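K.L.:
Here it is, the structure in full.
The values are calculated or read from the model by the stated rules, or taken from the named source; none is laboratory data. Since the structure is predicted, the reported quantities are computational estimates derived from the model, not experimental observations. Backbone-built Cβ (ideal geometry, glycine too); neighbour counts: all protein chains shown. All accessible areas refer to the heavy atoms of the entire protein, side chains included, with ligands and DNA or RNA removed. Shrake-Rupley method; radii C 1.70, N 1.55, O 1.52, S 1.80 Å.
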Amino acid sequence: MIIETKFSINDTVWVMKDNKPHSICIYGIRVNVSAYPTGCYGIGINQNVTYFDFGNHESVNESDCFATKEELIASL
């Protein structure tokens, strides 16, 4: 199995926080992989990025991260 991430550690990305565009620097990437129960087909993959926000660790789904502010706004 090969898992590719959309972004890398130390990348700066844009997310929505408190209904405002917010730039963050990724310091961690967490990947959860789980198989569905027997009798079902498929696999679930959930990727989260982790960042510091005023001294607190925060996580956001990778799918909610965008390379530019313009891409983030266009997604709304």
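K.L.:
Filter the stretch 1-59 for residues that are open to solvent by 70 Å² or more (accessible area, probe 1.4 Å) and of a type in the set (S, T, N, Q); which is modelled with the lowest pLDDT?
P.N.:
38
K.L.:
Taking the stretch 1-12 as the region of interest, how many residues are in contact with a Ser or Thr (Cβ under 7 Å, 6 or more places away or on another chain) and not hydroxyl-bearing (Ser, Thr, Tyr)?
P.N.:
Number satisfying all stated conditions: 0.
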